[in-house]
Amino acid sequence: MENIRLLIVDDEDDFRWFIAKRLTKMGIVTEQAEDGEKALSILEKKPMDVVVLDVKMPGMNGIEVLHHIKKKYLKTEVILLTGHATTQDGVEGIKSGAFDYLGKPIELEHLLGKINHAYQKIQREEEKLREAEFRAKMEQQMIATERLASLGTLAAGVAHEINNPLAIIKEAVGWMKLLLRREELTKMPRRQDFEMGLDKIEKGIERTRRITHQLLGFVRKTDSVLAEVNLNELVDEAVQLVNMEVANKEIEIVREIDTSLGTIWSDPYQLRQVLVNLLTNAIYATGSGGKITIILEAIGEEVALTVRDTGEGIPKENLERMFEPFFSTKPPGEGTGLGLFVTRSIVEKLGGKIELESQLGQGASFSIKLPKYHEIKEGLDKNNHVDLLDKITKYNRLPH
Ligand SMILES: Nc1ncnc2c1ncn2[C@@H]1O[C@H](COP(=O)(O)OP(=O)(O)OP(=O)(O)O)[C@@H](O)[C@H]1O
Ligand SMILES: [Mg+2]
């Protein structure tokens, strides 16, 4: 009870002082008011848990004060001190929301017991409130996670469906381009306009293809695999994939590899997608002559993979939005804004975490922590080892 905020309201000074003194000895600090107005002005400045309130006071009487308190301070409990002869005030007080009442002259033990009960009630209610808040927060988080998961599934479904018509369109465009080059069509009116139109279609196809590839790489539920991955080799491979861009911009790639790292069990195809996404972002952000550092470290049961660049960095207001789907600062038509969204989704699916540090003008650093042994949870019956064996694969490196 030592932390209780207690206010004693009574016009009898001796009585107030007597109670306050006894409570102080027990380590409970009290506030005092000699009338209703004073009590309300104290409450305005400082919230109280329990108010011990005399009913018979000159000016505003206790019942009126109680009405004010119950209207304005919903969490405050009131214990009324009523006249000895009748319980009428007490009953009326309870109807108006008082916690309890005591007839004067009071026994201190009695009063203390009631204060204690009132305080316990407040604490129970606070606990209930905290629980409700916690539950609401968890529910919100779950809704967000589920929304993300269903968004992923939906996106992958759409991506898959789009791929076939996309291939048909691409083929048809190629065929039309060939036709246009034929002898009999060289003199076709506005042939160049047609060619330009076809080029535009091809660009559109290319962009759509990038979107579907990102999404399909991410949600490969049916064929997510588990393999022994040599991260060092995977880094080599990813660097090779982006080599052209690196060379064009004369960017230096530095590797800091912990030689004690060994291999990890994870999904190499998806990890490769992660690495390529991070590297292409870093290359894009880095000016010519810049540097990209790739760090691999073993930390206990985890491995940490960091891609750090000396590029333009990320403005503070964008930091929060980096992993949102379709967030991109690239010129219209250039970026899908899916790279980091997919990257984070993959890392989390593989049981890891991704963190980002950056300051505008000072480069960016993306750091991924992955477990050395990742269990594939989805679609896997724990008792069915055949299922697990199905998932274990040998990783085939890309042909050079
Ligand atoms: N290393 C980095 N340095 C600075 N900004 C970055 C870096 N990586 C990502 N960003 C910012 O985050 C945005 C989103 O990145 P994300 O990879 O998701 O999409 P994108 O790169 O714009 O598109 P895409 O990946 O399809 O090319 C980028 O547009 C860029 O503004
Ligand atoms: Mg990107």
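Among all residues of region 287-306, there is at least one that is on the phi > 0 side of the Ramachandran plot and either touching a residue at least 60 places away in the same chain (Cβ under 8 Å) or under 29 Å from the mean Cα position of the chain (by Cα) (or both).
The condition of being more than 18 Å from residue 103 (Cα to Cα), in a helix (DSSP H, G or I) and under 41 Å from the mean Cα position of the chain (by Cα) holds for only one of 44, 2, that being 44. The residues on offer are 246, 254, 235, and the sole one that is within 16 Å of ligand 2 (Cβ to nearest atom) and of a type in the set (A, V, I, L, M) is 246. Checked against the criterion of being assigned by TED's automatic domain parsing to the domain that holds residue 53 and either buried (at least 16 other Cβ atoms within 10 Å of the Cβ) or not aliphatic (A, V, I, L, M) (or both), the candidates 122, 115, 69 yield just one match: 69. The set of residues in region 142-170 that are at pLDDT 90 or above and either in contact with a Gly (Cβ under 6 Å, 6 or more places away or on another chain) or surrounded by 11 or more Cβ atoms within 10 Å (Cβ to Cβ) (or both) comprises 166, 167, 169, 170.
Let me confirm something: among 255, 344, which residue is buried (at least 16 other Cβ atoms within 10 Å of the Cβ) and of a type outside the set (A, V, I, L, M)? Before the answer, list the steps.
Numbers: 255 fails: buried (at least 16 other Cβ atoms within 10 Å of the Cβ).
Within the list 255, 344, the selection yields 344.
Residues are listed down the side, and each one gets a yes or a no for (1) of a type outside the set (D, E, K, R); (2) surrounded by fewer than 21 Cβ atoms within 10 Å (Cβ to Cβ):
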residue: 11; (1), (2): no, yes
residue: 16; (1), (2): no, yes
residue: 38; (1), (2): no, yes
residue: 60; (1), (2): yes, yes
residue: 65; (1), (2): yes, no
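Contact map, region 98-115: residues that are over 21 Å from residue 63 (Cβ atoms) paired with residues that are not hydrophobic (A, V, I, L, M, F, W, C), Cβ distance under 7 Å, separation 6+ or inter-chain. Pairs shown: 108/22. Scanning region 321-340 for residues that are more than 6 Å from ligand 1 (Cβ to nearest atom), farther than 12 Å from residue 211 by Cα and of a type in the set (A, V, I, L, M, F, W, C) gives a single hit, 323. Looking at region 93-115 only, could you name the residues that are touching a strand residue (DSSP E or B) at 6+ places or on another chain (Cβ under 9 Å) and either β-branched (Val, Ile, Thr) or part of a helix (DSSP H, G or I) (or both)? Residues satisfying the conditions are 93, 94, 106, 110, 111, 114, 115.
Over 23 Å from residue 362 (Cα atoms), touching a helix residue (DSSP H, G or I) at 6+ places or on another chain (Cβ under 7 Å) and within 15 Å of ligand 1 (Cβ to nearest atom): is that true of residue 270 in this structure? Judged against the criteria, residue 270 is not a match. Against the test of being outside any helix (DSSP H, G or I) and not hydroxyl-bearing (Ser, Thr, Tyr), the options 11, 89 yield a single qualifying residue, 11.
The values are calculated or read from the model by the stated rules, or taken from the named source; none is laboratory data. On a predicted model such as this, the values are computed, not experimentally measured, just so you know. For neighbour counting, all protein chains shown are included, and Cβ atoms are generated from backbone atoms with ideal geometry for every residue, glycine included.
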